[in-house]
Protein chains: 2
Amino acid sequence: MRIALLGGTGDLGEGLALRWAFHTNHDVVIGSRDPDDAHAAADEYADIVTERGRDVKITGFENGMAAARADVVVLAVPPYHVADTVESVADGLASDDVVVTPAAGMQRDEAGFHAHPPTAGSVTALVADAAPEGVPVVGAFHSLSAGRLADLDADLGIDALLVGDDGRAKDVVAGLIADVDGLRALDAGGLANAAEVESLTPLLINLSRENDDLADLGVSFR
Amino acid sequence: MRIALLGGTGDLGEGLALRWAFHTNHDVVIGSRDPDDAHAAADEYADIVTERGRDVKITGFENGMAAARADVVVLAVPPYHVADTVESVADGLASDDVVVTPAAGMQRDEAGFHAHPPTAGSVTALVADAAPEGVPVVGAFHSLSAGRLADLDADLGIDALLVGDDGRAKDVVAGLIADVDGLRALDAGGLANAAEVESLTPLLINLSRENDDLADLGVSFR
């Protein structure tokens, strides 16, 4: 499987890239608006994984080229960029590809972070509206800490939730989750259930802010 | 400590009553609109715990009398009854009492359950508005399964989140949580953060609906 991480130079992109490169044999492709940034990040991530004795190659491309080459396209960009990003790479997406969105809309006040979904109801629904007809969209990775993923010494032992209306696409993403040691994929239902999953992101930030011993927090349903 | 469970004849009231009666020496008081129902439930719960070799006494009263006798008053009633319930017992509440609200506003559609907070922003905020001036309100227990609590053979190993603006009140509730084997209290911040905590309730229901092996689900942040 070839996985493109658009916005892959950011924290979540780095974390997912390192984990897939380290734990699996999938091809990892870093996408960025600037291809030089993508190359540099790809080389940096490959070095980190290679130093641990894994012989991996991570490539970097401009977002559109990265998406066109991939079977699974992860929109690891801020929530206010997801719609633009998926539209900018639409020509490279086909119905047998899978688009994955990990972003959550949030607002911040003195008390903490708060769910602030777009008018579509959730970022996942926004991406589904923006994606080309027939290209399946899955919401996933909202409860994963970028820092914990990027620390390859860190045990995970946590869950990654999935929402979406396309069963095949969810199976593909569930497989990519289960391929990472310590991650369990959990189906949270259809796209209409995305807002409750996306609300985990501000909740996890608030819990980390309020509890000094809970940095890089994840969640396990049990 | 004396804990009143208003609406204590319901599922969550039963679960919390059994756990506090079984694991702690706190006085458990069951409240109901009908005092006969409260007596009957109190006797039933006491029998369950007594059969396990614990010598406990659980009492039952009409909601207002139960609240007046208690240090901590848990509103174990449906979300559309919380404001009425807290107003109906207001005379028995003082500033050294603590009101606890576990309810979450939800709507249901074909896909699942969805967060549907009241216009106050959260049920916890609604209760804080309805409570007498100076009586502290804590939101808690939104992610606990009533069935799992009521099964005293069931291991917990899960978290219970707290929100509220009164530090002393949160400490009291955190203590009552930690008194139950297998429950950990986690501070999720101020009352303004309640909506994200209350969103866990529909999320947990959706996960149980979508995953046959995940009944009576709880959550652990790690």
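Odds and ends about this structure:
- Complete set of residues in the range B:113-135 that are more than 29 Å from A:G121 (Cβ to Cβ) and of a type in the set (D, E, K, R): B:E133
- Residues that are crowded, with 20+ Cβ neighbours inside 10 Å and free of Cβ contacts under 8 Å to residues at least 60 places away in the same chain, drawn from the range B:1-30: B:T9, B:A17, B:A21, B:V28, B:V29, B:I30
- Residue list for the range B:1-48, restricted to those being farther than 18 Å from B:A140 by Cα and charged (D, E, K, R): B:D27, B:R33, B:D34, B:D36, B:D37, B:D43, B:E44, B:D47
- Helices (runs of 4 or more DSSP H) wholly inside the range A:111-200 that include at least 1 residues being among the hydrophobic types (A, V, I, L, M, F, W, C), touching a strand residue (DSSP E or B) at 6+ places or on another chain (Cβ under 6 Å) and within 14 Å of chain B (Cβ to nearest Cβ): A:123-130, A:167-178, A:194-198
- Filtered residue count, the range A:131-147, keeping only those that are among the hydrophobic types (A, V, I, L, M, F, W, C) and touching a residue at least 60 places away in the same chain (Cβ under 8 Å): 3
- Identification of strands (runs of 3 or more DSSP E) wholly contained in the range B:47-106 with 2 or more residues that are at pLDDT 95 or above and closer than 20 Å to B:V172 by Cα yields B:72-75, B:98-101.
- The single condition among (1) on the phi > 0 side of the Ramachandran plot; (2) surrounded by fewer than 16 Cβ atoms within 10 Å (Cβ to Cβ) that A:G112 does not meet is (2).
- In the range B:130-181, the residues that are acidic (D, E) and closer than 14 Å to B:V98 by Cα: B:E133, B:D165, B:D166, B:D171
The values are calculated or read from the model by the stated rules, or taken from the named source; none is laboratory data. Keep in mind that what you see is a predicted model, and the values were worked out from it rather than measured. Backbone-built Cβ (ideal geometry, glycine too); neighbour counts: all protein chains shown.
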